[in-house]
Structures are given as C-alpha cells and as structure tokens.
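Peer 1: The structure that follows is given in the form of structure tokens.
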Amino acid sequence: MIHETDNSTIDALVRILRKTRSILFITGAGISAESGIPTYRGIGGLYNVDTTEDGVAIEEALSASMLAENPALTWKYLAQIGIAVQGARHNRAHEVIAEMESRFHRVWTLTQNVDGFHRTAGCCSVWGID
C-alpha cells in the first residue's frame, strides 16, 4: 500500500519526467539482488569478508592472472557464483527500465552487471558488461 507521502513523491517524479527527454540509469549489483543474485560484498553478499577461505580477495581469485597461475582456485569461486545464480531471471526493476525506453526519447543504461538481465527484460540501449 502506498502512503500519502509516497504519493506526493511519485507525483513530483512524474512532473519531472514529463519534461524529460533523456534518462540515464546507472545500475550495479543491487538491481539484481531482488532477482536472488547475491551481491559480492555487503550484507548477504557472497564475499562480505576481506578475503576468501583461501586467503585472497575475491577480486584476486577471479582475476586473469590467478586464472593463469591457479585455474582451480578461480574455477572454485566461479562455480560458487554459478550455483548462487541458478534459476534467477530479471525482475520488475529491469522491466521498468525497458518500459521507459519506449516512453522517452533517449534512455540509456550503464551497468557493471554481467547477468544480462537488462537485455532479457527488453532493454536495447545497454552499455557496460551486461
């Protein structure tokens, strides 16, 4: 249920959007968290500690240099990520951004996500690694 204060916020946003011709969405892991994909760090993240159980940062474990040096370690953590995301799909936030593309003159999405959810939701103007 939307509260009255929420309605006034929505009304203000609608007034701004009516004058808007261009929108840029910048997204990261948080947008896909609702889809069940855990973020890498933070509350509930896959790696919310400084180092993995193998004593290296997750960024190092997943790096190209580690893949060359110790592929088993890199694949271990890639497998953990794969298990965590099985069955996930885009969510309503991704769909809303896709819908905005059809309603505004210019809409772009800049993302660091690799899940492809912006595109599966129907977004066409996606920049980054999606």
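The values are calculated or read from the model by the stated rules, or taken from the named source; none is laboratory data. What you see is a predicted model; the values in this text were computed from it and never measured. All Cβ positions, glycine included, derive from the backbone under ideal geometry; neighbour counts span all protein chains shown.
Peer 1: Test each condition in (1) surrounded by 12 or more Cβ atoms within 10 Å (Cβ to Cβ); (2) modelled with pLDDT of 85 or more for VAL14 and report the one that comes out false.
Peer 2: (1)
Peer 1: Ok, one more. With respect to LEU67, determine if the residue is in contact with an Asp or Glu (Cβ under 8 Å, 6 or more places away or on another chain), without any contact (Cβ under 8 Å) to a residue 40 or more places away in the chain and more than 19 Å from ILE37 (Cα to Cα).
Peer 2: Here the answer is no, as LEU67 does not meet what is asked.
Peer 1: Something else: Go through (1) touching a residue at least 40 places away in the same chain (Cβ under 8 Å); (2) outside any strand (DSSP E or B) and name the single condition LEU110 misses.
Peer 2: (2)
Peer 1: Is there a residue being buried (at least 17 other Cβ atoms within 10 Å of the Cβ) and at pLDDT below 90 anywhere in the stretch 67-77?
Peer 2: yes
Peer 1: Being surrounded by 14 or more Cβ atoms within 10 Å (Cβ to Cβ) and within 30 Å of ARG18 (Cα to Cα) narrows it down to one residue among HIS90, HIS105; which is it?
Peer 2: Matching residue, one of HIS90, HIS105: HIS90.
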